Structures are given as structure tokens and as C-alpha cells.
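For reference, the structure discussed in these notes is given below.
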Amino acid sequence: AGGITYPHMHPAGKNMLLYRILDKMKGTLKTFSRSAEQPGFVGTLSTLITEFKRYSVTPEKLDTVVQKMNEESPLKGKLSELSAIYKTFDELLQQRYRDPDDDLTLAAQKLKTSPLYRGAEIWIDGFTDFTPQEYSIIEELMLQAECVTITLTTDTLDGEYSEMDIFSSAKKAYQKLI
């Protein structure tokens, strides 16, 4: 369906890019000024950006939350700086590379215009839960395919369950898919 012309950014390259961004933003960072110089901070930041992408958290969504927060909130400063770092990261990355963490988002967009799975029979097996990116893919597949069968790792899907249930994440996924 297209969209694979850009090379993927290797995790080490992602860390190098984040280090460069932090170095350039050194004078403007308040909340993360000390943390940015600590060993492991860039790796933690890289992992956080990966989680943001998996759960469809964009810099714009972070900005929206920041605007609604109380000025004295310490979280406001953190989220504001995270948003600025994340936004700069995406802008620089898109000039020459693609983040592998964006692949599922891109695939969901491409599925909307691709006839590849129209009328197909699809099996999704062995999951206990899905990220919002994965739900987007499943949604598009359900719209196009003749049949989508999803197996979830759980004991039963009957009745109520509690958060303490070892299979609660699979049962939540089932309810969401239904």
C-alpha cells in the first residue's frame, strides 16, 4: 500500500537524536535540566516516546492536557517539556527516517485505501490485550474482511470479572472488541 520508502531509525540512532535535541534545548529546560545530563535519561525518554506512540499520545494531546492544568502543578512543567522534546523529535525524524513505532499507525491509515483485505478471512491468535495502535489495525480489518476471528488467552468470557482476575486484560479486550 506504499509508505515504506523511508529507512527506519535504529534504536541507537533514536537515542543519538534525542541526545542532540536535549543538548540543543539545554538552556530552555527547567524541569528536566538536571535529569537530561544523567546517564540513562535518554533511554528512558526513548522508551516513553515509544509508549506515547503505542497509545496514540501525540504532542498535541499533551499540549491540550498542559493547557488545562493548574500553573503550580509540577506535572505541568514536565508534560510541557516532554511535549516540546517529542514534537522536535518527530519533526527531525521525519526529515530522513521513520520511527518503527509509527509503523502500525501508518498501516492503519494505509488499510483505509488498500483493497488487499477486502473479503478476506483473518485470524488473530494468542493475544491478551491490544494497544490503541493495534485496535486501529483491527478496526480497519473488521471493516474490510469477510470474517475476523480473534483468540484471546483467558479461562472464560462468561460472567463478571474483577480487576484482580488474572485474565482481566483479555476480558477487557473482548468487551472492547465486541
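The values are calculated or read from the model by the stated rules, or taken from the named source; none is laboratory data. It should be emphasised that the depicted structure is a prediction, and the values quoted were computed from it without experimental measurement. FYI the Cβ positions are ideal-geometry reconstructions off the backbone, even for glycines, and counts take in every protein chain you see. Accessible surface is based on the protein model in full, side chains and every heavy atom, while ligands, DNA and RNA are left aside. Shrake-Rupley method; radii C 1.70, N 1.55, O 1.52, S 1.80 Å.
Brief remarks follow.
- Within the range 115-144, being among the acidic types (Asp, Glu), touching a helix residue (DSSP H, G or I) at 6+ places or on another chain (Cβ under 9 Å) and open to solvent by 80 Å² or more (accessible area, probe 1.4 Å) holds for one residue alone: Glu139.
- Selection of the range 146-178 for residues being in contact with an Asp or Glu (Cβ under 7 Å, 6 or more places away or on another chain) and either of a type in the set (Val, Ile, Thr) or outside any helix (DSSP H, G or I) (or both) yields Glu146, Cys147, Thr151, Phe167.
- When the helices (runs of 4 or more DSSP H) confined to the range 1-90 are screened for residues that are of a type in the set (A, V, I, L, M) and under 26 Å from Leu106 (Cα atoms), those reaching at least 3 such residues are found at 11-24, 41-54.
- The residues in the range 1-30 that are among the polar types (S, T, N, Q) and touching a Ser or Thr at 6+ places or on another chain (Cβ under 8 Å) can be counted, and the count is 1.
- Filter pass, Leu62 being buried (at least 17 other Cβ atoms within 10 Å of the Cβ), closer than 21 Å to Leu18 by Cβ, in contact with a helix residue (DSSP H, G or I) (Cβ under 8 Å, 6 or more places away or on another chain) and free of Cβ contacts under 8 Å to residues at least 60 places away in the same chain: yes
- Total residues in the range 137-178, condition in contact with a Phe, Trp or Tyr (Cβ under 7 Å, 6 or more places away or on another chain), among the polar types (S, T, N, Q) and without any contact (Cβ under 8 Å) to a residue 24 or more places away in the chain: 1
- Taking the criterion of being part of a loop (DSSP other than H, G, I, E, B) and in contact (Cβ under 8 Å) with a residue 60 or more places away in the chain, the residues of the range 104-129 that qualify are Thr113, Ser114, Leu116.
- Taken over the range 93-102, the criterion of being crowded, with 16+ Cβ neighbours inside 10 Å and either among the charged types (D, E, K, R) or in a helix (DSSP H, G or I) (or both) is satisfied by Leu93, Arg98, Asp99, Asp101, Asp102.
- Pairs with Cβ under 7 Å, 6+ apart, first in the range 17-37 and in contact (Cβ under 8 Å) with a residue 40 or more places away in the chain and more than 23 Å from Gln94 (Cβ to Cβ), second open to solvent by 80 Å² or more (accessible area, probe 1.4 Å) and not acidic (Asp, Glu): Thr31/Lys78
- Of the residues Lys112, Lys68, the single one that is open to solvent by 80 Å² or more (accessible area, probe 1.4 Å), more than 30 Å from Thr5 (Cβ to Cβ) and at pLDDT below 95 is Lys68.
- Annotation: Tyr86 fulfils all but one of (1) in contact (Cβ under 8 Å) with a residue 12 or more places away in the chain; (2) farther than 23 Å from Ala173 by Cα; (3) open to solvent by 40 Å² or more (accessible area, probe 1.4 Å); the unmet one is (3).
- Any hit, the range 27-45, residues being within 14 Å of the chain's Cα centre (by Cα), among the polar types (S, T, N, Q), open to solvent by 30 Å² or more (accessible area, probe 1.4 Å) and closer than 23 Å to His8 by Cβ: no
- Only one of the listed residues (Lys24, Lys76, Lys61, Lys87) is charged (D, E, K, R) and under 30 Å from Gln144 (Cα atoms). That residue is Lys61.
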